[in-house]
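Below you'll find the structure, written out as structure tokens, and then a few comments.
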Amino acid sequence: MNDYILLFVIILGVNLLPAFGPPTWSIILLFSLNTDLPVVALVLIGALAAASGRLALAYAFRFFGGYLPAKYRQNLEAARQALEARQRNMILALGLFALSPLPSAQLFAAAGFAGIRLLGFTLAFFAGRLVSYSIYAYSAKGIRETSMNDLFTSMFSSPMGIALQVAMIGFVVLLVRIDWSKLLNKVGVKDASEKSANGSSKP
């Protein structure tokens, strides 16, 4: 039982970090190699803890977003409206994104900042993680324990890994600072004019 609790707490804590935390799949691999926990338990606990941590992270950013200057809050509101207009596509994209080992902390931070409805967002993430963690956990038995040191070292020293984290942080900053209402205004006017034209052409 202690291993189950330890796994949940570690993954939950890692997924509360907004950046530069070790990827959850690496923790799944580590527990798979060094404990007797069944793969099904590793996957379910890992996905549940990761989704819970990311959801809490998103709500934390939503709370702090209320203290941003009015201009930035208006930008985020415009971004939220644009994203929720195509929410089905966004959730599908998140589900596919969750299958990859790419960092998701900044994506949830952005969702929290923008005030996007988080239930479907988190469920898509959870479903994607069930698949990806299953792949990692079942393949872990073929990985030598000596390779784990190299794996963890590369996570924090790889220029590509660091650049990706910085780029994702930049994405969150841009989400707040871009005037989305101005950027999307032309598209909105075009859509409105097309609807008007279509409506006037009907008998």
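Each reported figure results from applying straightforward, stated rules to the coordinates on display, with no laboratory input. Just so you know, these numbers come straight off a predicted model, no measurement behind them. Positions of Cβ are generated from backbone atoms using ideal geometry, with glycine treated the same way; all protein chains shown enter the neighbour counts.
Per-structure values
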item: Local electrostatic count at Ala47 - Lys and Arg +1, Asp and Glu -1, tallied over other residues with Cβ under 14 Å; result: +2
item: Whole-Hz ³J(HN,Hα) from phi, Karplus 6.51 cos²θ - 1.76 cosθ + 1.60, for the range 127-135, glycine and proline x; result: 5, x, 5, 4, 6, 5, 5, 4, 4
item: Net lengthening on full extension, Arg117/Asp3 (0.36 nm per residue, minus Cα-Cα); result: 37.7 nm
item: Vicinal HN-Hα couplings computed from phi for the range 109-122 (Karplus, 6.51 cos²θ - 1.76 cosθ + 1.60; Hz; Gly/Pro x); result: 4, 5, 5, x, 4, 7, x, 5, 4, 9, 5, x, 4, 6
item: Chain lengthening between Arg177 and Thr35 when straightened (0.36 nm per residue, less Cα-Cα); result: 46.5 nm
